[in-house]
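Only one structure is covered here, and it is reproduced in the block below.
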Amino acid sequence: MTMTSSGAATNQTTAIKPLASARPIILDCDPGHDDAISLILALSSDQLNPLAVTTSAGNQTPDKTLNNALRILTLLNRSDIPVAGGAIKPLARELIIADHVHGETGLDGPKLPDPTFAPVSENAIELIAQKVRQSSEPVTLIPSGPLTNIALFLANYPELHSKIDRIVLM
């Protein structure tokens, strides 16, 4: 239902206007089940151009969330997307993981392949800065977990703020 300029309700739907080109994005996550689904959905859209996937500790420990991102991208046959690990704990407290929700691996339940590629040598904050700097278009950051990597990127690279189109949070 939509509202007309006079305030009357109608049942007309507004079509979603396709983008002229795919929107450049960086996905920053802590892959448990929720982030696995968001990665699958984002990477299946032809309206998004994923420049990188970065991870932090959150749903599980940093080594497990990084491994989970690599496993999901392996499942999707997307080893072309660089992956980097980032924050090992929150800025202002100790790490509390959600293993009671996401299991020992952070993705217990579904059978996922082992990663077929390795993360890049840069850390998440460096990779975000590199991809934002190199992009010819403003980049949308999509953090779906703790905001530690985004906070550190924004604090350490103020000269790149103008190259951020928006930050879309879960």
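Measuring between their Cα centroids, the range 72-96 and the range 25-46 lie 11 Å from each other.
Taking the inverse of the mean 1/r over every pair of distinct Cα atoms in the range 42-87 gives a Kirkwood hydrodynamic radius of 11.0 Å.
Once the 1.4 Å probe is applied to the protein heavy atoms, the range 15-92 comes out at 42 Å² accessible per residue. Multiply the residue gap between Ile40 and Met170 by 0.36 nm, knock off their C-alpha separation, and tell me the result in nm, one decimal place. Once the chain is fully extended between Ile40 and Met170, it gains 45.3 nm.
Tell me the net charge near Ile25. Cut-off is 11 Å between Cβ atoms, Ile25 excluded, with +1 for each Lys or Arg and -1 for each Asp or Glu. If you can, show how the numbers build up before the last one.
Values: positive: Arg23, Lys131, Arg166; negative: Asp28, Glu137, Asp165.
Residues close to Ile25 contribute a combined charge of 0.
Quick check of the Kirkwood formula: for the range 121-166, what is the inverse mean of 1/r over all pairs of different Cα atoms, in Å? It is 10.7 Å.
The values are calculated or read from the model by the stated rules, or taken from the named source; none is laboratory data. These figures come from a predicted structure and were not determined experimentally. Counting neighbours? That spans all protein chains shown, and the Cβs are built from the backbone with ideal geometry, glycine included. These accessible areas exclude ligands, DNA and RNA; they are computed on the full protein's heavy atoms, side chains included. Shrake-Rupley method; radii C 1.70, N 1.55, O 1.52, S 1.80 Å.
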